[in-house]
Amino acid sequence: MPKLPPALARFFPLPRAVRAVLVLLLIYIFLIGVSSLEGGIKVMGKETQESLFSNVDHPLAGLFVGILGTVLVQSSSASTSVIVGLVASGALGVDAAVPMIMGANIGTTVTNTLVSLGHVRQSHEFRRAFAAATVHDFFNVMAVAILLPLELATNVLSDSAEWISGKMVGSAGTEWESPIKKWVKEPVNWLKDFLGNFTDNPTVLGTSMVIIGLVVVLSSLIFITKNMKTLIAERLERSMNAVLGRGGGFVAILIGMLVTVAVQSSSITTSILIPMSAAGVITLRNAYPVTLGANVGTTITALLAALAASRPEALTVGLVHTLFNVTAILLLFVIPIFRPVPIMLAEKLADVAVYKRMYAVGYVVGTFIVLPLVGVAIFR
Amino acid sequence: MVFSFFKKPDSALDHIAHTTISMLGDARHSFDLASTVILSGADPKAIGADIEATDERINKAEQDLRSELVVHVAVQGGGDIGLVLGYTLLLKKIERIGDQAKNIFDLAADGVSLSNDDDIDEFVARRQEISQMYVEAADLLASHDDEKAKDFLARSLALNDICGAKVLEYMHTEQPGSWAVPRAVLYRYWKRIVANLAGIVTSAIEPVQNIDYLDDGATDITDD
């Protein structure tokens, strides 16, 4: 979509109703993308599927792939939707997908941490901005450190999610007649037939469908987020002012969740907090619960993607994402002894980062690129 | 508070504009009270609390609006940056004229009263003229009427000159200091208030880089 210069955009704003219809259309296109991804993997055949995903059998490899994939696309909504698509195709099991989903949760925090680096020249601003960004990192890393071993030992998250999805759409191993699946099936079949005119090779055909699916998922999410941000900008602004006026706590969690559900991107919500924190208008303690709400809100996209899938396991994975983030809040925010820990760690790290700016860069590169790469190399 | 998310949205800048205008109303209230005390000989203790509360309200509104401006930029990006910078300057001016009203009140609290003096009518007329300028400035913030704003700026510059001339006149008078100094100080405060009111109107119609400066860019019209 060509971008109008700000002055022109003010004179020719897209009417709200048109923008709302556009968002619905984009959601439909997004679901076609997820379905194309699922269809493409299916077309590749069992052998190719197994060779593709055998590297992520180890949960830690899955976790690090989740981090890297999300850092690459800068959106956990996109990466979790892709994971849902892979699970829907049957190529990836729920057990392998759960660590990836957790990794996506960590990976998505890179965006606001990068935004905070923009304040690096002003020590006071940078300390506040970096702490506000990394409190999200610490919370998510702590959540994974507690819940991944627990999940591996007990399957508590996946079993709970499977129970819920069983009640909603049927048990694992069956196919359910998703009404949305019917709407998106035809365009995916057209795509498959069109690409089939150029090749009979299932791997080439499948790969083409996967690539097109990925491009469609990523670009539609970008445009959904942009349009929704424009649509709800005034509400978003008022909600942030409400957080400033009344402080943090559970209301801030709810606001963070609502805003993120609306814009379909936790990065938007958390990145808005960074300049506010840098300027000192919102305290770290008040910004922290907003980021937790954003964690929960962003899971809506994977649930939405699961609507286009024909296997209940896809919904199970989407629900694992939601349950993981809700459980993390119950453990690390509701229990008073844990609540200040991410804040304290973020403040300490911010002090170190201000003392030596290169440590901040080292932290970002190390945590979000080097460590996951080494992890994948070791555990694949 | 969560339900505010679902309420019909209105422009955040509109809210900021409305609050700014009500701040100006508060500043006028302080000015009228403080000037009335000094010109009528009323007991300063009777209205001290009101002046104090109004000043706190102005200061709190300024702080809240500054936060809202940061939120606006964080959410909406840099599209309104000129307006936002203009508002920060404007808010500071309103806060200053609130403080200057308090300075006038402090004169009265220190025992100055012009109520029984021969030149009281001149002071009362001047007070009314300045008080009316608050109303005009608030209207201009809402209407952005260029012609009226230019007229306002011309009158405020003229009044500024008059106030400056009065200060000089009292500095060189043969009258005793106890007569001349309160008058010079009062005119000095009024001059500062008029200059800040002019600055407020300028910020409504001029690009941010021109605010506080005359056309040639050489002279600072803010007198603080």
Exercise. For the stretch A:267-308, which residues satisfy the criterion of being small (Gly, Ala, Ser) and part of a helix (DSSP H, G or I)?
Worked result: A:Ser267, A:Ser271, A:Ser277, A:Ala278, A:Ala279, A:Ala287, A:Gly293, A:Ala294, A:Gly297, A:Ala302, A:Ala305, A:Ala306
Exercise. Can you name every residue in the stretch B:109-137 that is assigned to a helix (DSSP H, G or I), of a type outside the set (Asp, Glu) and open to solvent by 20 Å² or more (accessible area, probe 1.4 Å)?
Worked result: B:Ala109, B:Ile120, B:Val124, B:Ala125, B:Arg126, B:Arg127, B:Gln128, B:Gln132, B:Val135
Exercise. If you take the residues of the stretch A:127-159 that are among the small types (Gly, Ala, Ser) and exposed (fewer than 15 other Cβ atoms within 10 Å of the Cβ), which of them is nearest to A:Gly362 (Cα to Cα)?
Worked result: A:Ala145
For this session: State which residue pairs qualify: first residue on the phi > 0 side of the Ramachandran plot and inside the stretch B:63-91, second residue assigned to a helix (DSSP H, G or I) in any location, beta carbons under 9 Å apart, and separation of 6 or more residues or different chains.
Result: B:Gly77/A:Pro6
For this session: Quickly run through the stretch A:256-277 and pick out the residues that are more than 9 Å from chain B (Cβ to nearest Cβ) and either farther than 11 Å from A:Ser116 by Cα or of a type outside the set (Ser, Thr, Tyr) (or both).
Result: A:Gly256, A:Met257, A:Thr260, A:Val261, A:Val263, A:Gln264, A:Ser265, A:Ser266, A:Ser267, A:Ile268, A:Thr269
Exercise. Given the conditions (1) under 18 Å from the mean Cα position of the chain (by Cα); (2) in a loop (DSSP other than H, G, I, E, B), which single one is not true for B:Ala42?
Worked result: (1)
Exercise. Do you know which residues across the stretch A:240-250 are within 7 Å of chain B (Cβ to nearest Cβ), over 22 Å from the mean Cα position of the chain (by Cα) and open to solvent by less than 20 Å² (accessible area, probe 1.4 Å)?
Worked result: A:Ala242
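The values are calculated or read from the model by the stated rules, or taken from the named source; none is laboratory data. Owing to the predicted nature of the structure, the values given are computational and were not obtained by experimental measurement. Glycine gets a Cβ as well: all are built from the backbone with ideal geometry, and neighbour counts include every protein chain shown. Accessible surface areas use protein heavy atoms only, side chains included; no ligands, DNA or RNA. Shrake-Rupley method; radii C 1.70, N 1.55, O 1.52, S 1.80 Å.
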